[in-house]
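See below for the structure under consideration.
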Amino acid sequence: MDKWEDIEKISKKIASNLLSNNIDESEDKFRDSSLLMNYKKGRDRFNYTKAFNSLILRNRRLLILRYSKYAAIALLFLSTSLIVLNISKKNIEDHISEIEENSLAEIKPLEKQAKLILNDGKEISLKDIELINNNSHLVSQGNSTITIDSTGLNYSSSGASDSVLYNTIVIPRGSEYYVALEDGTKVWLNADSKLKYPVVFSEDRREVYLEGEAYFEVSHSSSNRFFVVTPTCEVSVLGTKFNVKSYSDEKIVYTTLAQGSISFKELGSSESIILKVGEQIAYSNITGDYVVNKVNVNNYIGWKDKLFTFKNLSLVEIMTMLSRWYCVDIVYESNDIKNLEFSGNLDKYNSIESFFKIFEEGANIDIVFKNNTLFLKTKTN
Amino acid sequence: MQLVKEYDKFITGINSKDRFFWKELYSNYYAALCNYSSKIINDRDASEDIVQNILVSLWDSSMIFNDISGLTSFLYKSVYNRSLNFIRDAKNKVNANLDTTYSTENLESYYISLAIEEEVINKFYKALDSMSSQQKNVIILTLKGESIESISNLLSISINTVKTHKKRAYNYIKDQLGDSFFILNILIFLK
């Protein structure tokens, strides 16, 4: 047994005794508290932040050196830019293998389409309506009217109704949609999302139910708070712009604030967290833990302006996003590629091909497209 | 909802080279290890180089740790070995005379106890840092041997407040630190 292995155990016990004031049980030398104080001086000479940053910088530099050649080549024929930043300890081969023309070019997002479910269960395919009638289309429900045109859905009302009628809009993978709610609140819905909302809001509480991702521009009302409820949490605002991402197959709910302030809380909890502009709260559905970070908001709301923007996202996170947008499934045949990190931005309406060329060449990943599934693995030569 | 400390996740994060957890690793060990090394070699700058080299090669390696104990002992032992090498190399340069005293078991034991000492202080301060400043003051004064009455005078707070702080600090340690004494400052999730 290695004596070094006792360090953790023994030091834990002594420190615990010191803190809980059981000084008698601590080792003799620690009874002299000046020793404790003097240690701090020695310790303070060393700054861990600088050392940690230099490790991260070193990793980046290594990678930029490795990838710069490929990046330059890639940029020549891609209209998109993507900077490969981090973590591959694999040596990149010194040559680029022949780029095979495969069927990746076929992968494109769907046309803008969605399904609207009315209060009585009747379903309207929003794509069909646009196809049949290029002009706007009207649907009446109680005191409200829905105008459907090329921008999306627009609700308006001629006064409060006696009973609350709900509509649900369902966005499939590969699509996105825009809805203007009755109170003037604008909602951009991302692929694979669902929003349930009252056709006319009640006087004292505006509440909508979200699964998936949406960007909200809530029209201001100081007397009538607006609530976005997801299966695990609730965001409440008076009038602001923010993004909520809460997919049922992802562990984390991300709420990002672009303007104003919002209050975030776990369903069933009385404790709420106030977010300020530029902050994002990441909440774990599984453990209930959360963290608030300062972020570049544009990286999280770019999708509504037809961009994919991402910074230091892992391949898994990027692929999850792409699979929703391009309607493909992903299979990882090598596990070591999952944590590769990338930054960049891309036009959402491009074919996915441009994206993958850079993964293939920059990070040495082999991508095969078969039966609407992308198979990803480390390139073998 | 609560901020959590979780140290299985920490070890997993270290093993998978997760940047977030590596920052925690630096925050928790870097200064302690440097201080430890500088006690052996008595050279501040060289001690930082030694520690950074160990951490960088750990990042580049595929080494896996099962628990905090394994990680802690690996770090201190590596710093110990590299510090001795540093002394040996330095001596080589000066008079090419290898000092053999460093291989004795006694000396190793001495340096292990030094490492434990370093780690005690490390854990002590990490825990102290996570308390409120008044709780912290009460604990420090208590350690200095001050009575409840004199702490009350020194900090201009009532005797009951001192008692409450002591009790809270004690409960805090019991509840929060418990078995996993290791504290993570920020909560952990993802992956």
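Nothing in this text is a laboratory measurement; each read-out follows from the coordinates by a stated rule. Because the structure is a prediction, the values reported are computed rather than measured. Cβ: placed from backbone, ideal geometry, glycine included. Neighbour counts: every protein chain shown.
Numbers at a glance
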item: Added length on full extension, which subtracts the Cα-Cα distance from 0.36 nm per residue, residue A:293 to residue A:151; result: 47.8 nm
item: Efficiency of FRET between residue A:320 and residue A:163 - r from beta-carbon atoms, R0 30 angstrom, step 0.05; result: 0.15
item: Neighbourhood charge, 14 Å Cβ-Cβ cut-off, centred on residue A:159 and excluding it, Lys, Arg +1 and Asp, Glu -1; result: -4
item: FRET efficiency, 1/(1 + (r/R0)^6) with R0 51 Å, evaluated for residue B:89 and residue A:332 via beta carbons; result: 0.65
item: Positive minus negative residues near residue A:237 (Lys, Arg vs Asp, Glu; Cβ under 13 Å); result: +2
item: The range A:135-208: GluC sites (Glu not before Pro) in DSSP loop, at most 13 other beta carbons within 10 Å; result: A:203
item: Shape category assigned to the range A:254-381 from the gyration tensor of Cα positions, a/c cut at 1.5; result: prolate
item: Set B:23/B:136; A:311/B:23; A:3/B:39; A:245/A:338; A:115/A:245 screened for pairs whose C-alpha atoms are more than 23 Å apart; result: B:23/B:136
